[in-house]
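Colleague: Sending over a structure as structure tokens; questions will come in a sec.
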Amino acid sequence: MNSEMFLAAENTLFTVTMILYFAAMILYFVFFAVKKEKAGKAAGVVLSVGFLLHTAALVCRGIGAGRLPLANQYEFATSFAWGICLVCLIFVWRFRFEALGTFVTPVLFLVIGYAAMQSKEVRQLMPALRSNWLAFHVSTAIISYGAFGVSFAVSLIYLLRDRMGESRARALHLPERERLDLISYRAVSLGLLFLTFVIVTGAIWAERAWGSYWSWDPKETWSLVTWIIYALYLHLRISRGWKDRSAAIFAVIGFCCVIFTYIGVNTFLPGIHSYA
């Protein structure tokens, strides 16, 4: 197969993936609203199949482009969605928490929908991106953003559960508040670890490419702001036992900063990172 065939396959797989993610979202809504166990299990299967096809799409994109598919807005957005799905599936499996998908899949669908609106044109890498650091820097960002997306969803569940009342919350298969708080904490910890890798590898890469570890580019600045917010979250939790509703609100604010760092900065504050 030549590159055009791989790119055509990627386009088809991407479209099918979007459809499956949308179907999973609807099934999760049915599961959550009317408590249909079969709908929840079907949603998990559909989401898993979508993830596998999404993975295949990224592989085809990489082969067709002749490089890692991490070099422009479309490629990073679809990889961002892939990271959210990966972390979601891990947390659903690890904590036996099917209702998580009800809140993660809308975020997932919005991100992959954003990817669908970007140009899919394959372009040659600019000189600064022709580095082995690309894989380390961007792949860690994908996992970091995916984990923060899951923490955002869990925090929303916590805040809604607090208003629903105990009996209805239990009927909707939601964990106790303490467990939701713990899951969100685990997701934030994972995200902050990988965001630290993002900043460190980015600084090393910047020094190799531009001769400076830090240039206060808008995306660098907002990445640091995001890191400080989540670091403060963990600091307050560990040193002062800060939990519950305030922590959930803090996690929601943190993810808003993640979205602004990715989309808002590219839209309103273009800089040397505008390619992704």
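The values are calculated or read from the model by the stated rules, or taken from the named source; none is laboratory data. This one's a predicted model, so the numbers in the text were calculated from it and none came from an experiment. Note: ideal-geometry Cβ built from the backbone for every residue, glycine included; neighbour counts use all protein chains shown.
Colleague: Can you name every residue in the range 44-86 that is crowded, with 21+ Cβ neighbours inside 10 Å and without any contact (Cβ under 8 Å) to a residue 24 or more places away in the chain?
Modeller: Result: Pro69, single match.
Colleague: Something else about it: Considering the range 9-50 alone, what residues qualify as being acidic (Asp, Glu) and under 26 Å from Ala65 (Cα atoms)? Before the answer, list the steps.
Modeller: Filtering the range 9-50 down to residues acidic (Asp, Glu) leaves 10, 37.
Residue satisfying the conditions is Glu10 alone.
Colleague: Given the criteria acidic (Asp, Glu), under 28 Å from Gly264 (Cα atoms) and either in a helix (DSSP H, G or I) or in contact with a Cys (Cβ under 6 Å, 6 or more places away or on another chain) (or both), does Glu75 qualify? Lay out the reasoning, then the answer.
Modeller: Values: acidic (Asp, Glu): yes; under 28 Å from Gly264 (Cα atoms): yes; either in a helix (DSSP H, G or I) or in contact with a Cys (Cβ under 6 Å, 6 or more places away or on another chain) (or both): yes.
The answer is yes for Glu75.
Colleague: Moving on to the next point. Take Leu89 and decide whether it is in a helix (DSSP H, G or I), free of Cβ contacts under 8 Å to residues at least 60 places away in the same chain and touching a helix residue (DSSP H, G or I) at 6+ places or on another chain (Cβ under 8 Å). Show your work before the answer.
Modeller: On the way: in a helix (DSSP H, G or I): yes; free of Cβ contacts under 8 Å to residues at least 60 places away in the same chain: yes; touching a helix residue (DSSP H, G or I) at 6+ places or on another chain (Cβ under 8 Å): yes.
Judged against the criteria, Leu89 is a match.
Colleague: Taking the range 28-43, which residues are surrounded by 20 or more Cβ atoms within 10 Å (Cβ to Cβ) and at pLDDT 90 or above?
Modeller: Within the range 28-43, Tyr28, Ala43 meet the criteria.
Colleague: So which pairs qualify, if the first residue must be in the range 3-14 and within 12 Å of Val59 (Cα to Cα), the second must be of a type in the set (Lys, Arg) and buried (at least 17 other Cβ atoms within 10 Å of the Cβ), the Cβ gap must be under 8 Å, and the two must be at least 6 apart or on different chains?
Modeller: Within 8 Å, the pairs are Phe6/Arg61; Leu7/Arg61; Glu10/Arg61.
Colleague: In contact with a Phe, Trp or Tyr (Cβ under 9 Å, 6 or more places away or on another chain) and at pLDDT 95 or above, is that true of Gly50?
Modeller: Values: in contact with a Phe, Trp or Tyr (Cβ under 9 Å, 6 or more places away or on another chain): yes; at pLDDT 95 or above: yes.
So Gly50 fits the description; yes.
Colleague: Moving on to the next point. In the range 105-125, which residue that is assigned to a loop (DSSP other than H, G, I, E, B) and in contact with a Phe, Trp or Tyr (Cβ under 7 Å, 6 or more places away or on another chain) is surrounded by the fewest Cβ atoms within 10 Å (Cβ to Cβ)?
Modeller: Ser119
Colleague: Also: Out of the residues in the range 200-228 meeting the condition of being more than 18 Å from the chain's Cα centre (by Cα) and aromatic (Phe, Trp, Tyr), tell me which one is modelled with the highest pLDDT.
Modeller: Across the range 200-228, the extreme among qualifying residues is Trp205.
Colleague: How about the range 209-230: which of its residues are of a type outside the set (Val, Ile, Thr), surrounded by 15 or more Cβ atoms within 10 Å (Cβ to Cβ) and in a helix (DSSP H, G or I)?
Modeller: Going residue by residue through the range 209-230, those that are of a type outside the set (Val, Ile, Thr) are 209-220, 222-224, 227, 230.
Narrowing the set further to residues that are surrounded by 15 or more Cβ atoms within 10 Å (Cβ to Cβ) leaves 209, 217-220, 222-224, 227, 230.
Across the range 209-230, the qualifying residues are Ala209, Pro218, Lys219, Glu220, Trp222, Ser223, Leu224, Trp227, Tyr230.
Colleague: Keeping to the range 182-208, report how many residues are surrounded by 15 or more Cβ atoms within 10 Å (Cβ to Cβ) and in contact with a Ser or Thr (Cβ under 7 Å, 6 or more places away or on another chain).
Modeller: Count: 12.
Colleague: Still on this structure: If you take the residues in the range 181-199 that are more than 13 Å from Ala231 (Cβ to Cβ) and hydroxyl-bearing (Ser, Thr, Tyr), which one is farthest from the chain's Cα centre (by Cα)?
Modeller: Applying the filter and picking the extreme gives Tyr185.
To keep it simple, each residue is scored yes or no on (1) more than 25 Å from Val252 (Cα to Cα); (2) of a type in the set (Val, Ile, Thr).
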{"site": "Val188", "(1), (2)": "no, yes"}
{"site": "Leu192", "(1), (2)": "no, no"}
{"site": "Ile204", "(1), (2)": "yes, yes"}
{"site": "Glu207", "(1), (2)": "yes, no"}
{"site": "Ser212", "(1), (2)": "yes, no"}
{"site": "Asp217", "(1), (2)": "no, no"}
{"site": "Trp222", "(1), (2)": "no, no"}
{"site": "Val225", "(1), (2)": "no, yes"}
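Colleague: What number goes with the only condition from (1) modelled with pLDDT of 80 or more; (2) among the aliphatic types (A, V, I, L, M); (3) under 21 Å from Ser151 (Cβ atoms) that Val265 does not pass?
Modeller: Looking at each condition in turn, Val265 falls short on (1).
Colleague: Only one of Ala57, Ala24, Ala42, Ala8 is more than 18 Å from the chain's Cα centre (by Cα), part of a helix (DSSP H, G or I) and closer than 21 Å to Cys88 by Cα; which? Let's see the steps before the verdict.
Modeller: Details: Ala57 fails: more than 18 Å from the chain's Cα centre (by Cα); Ala24 fails: more than 18 Å from the chain's Cα centre (by Cα); Ala8 fails: closer than 21 Å to Cys88 by Cα.
The conditions single out Ala42.
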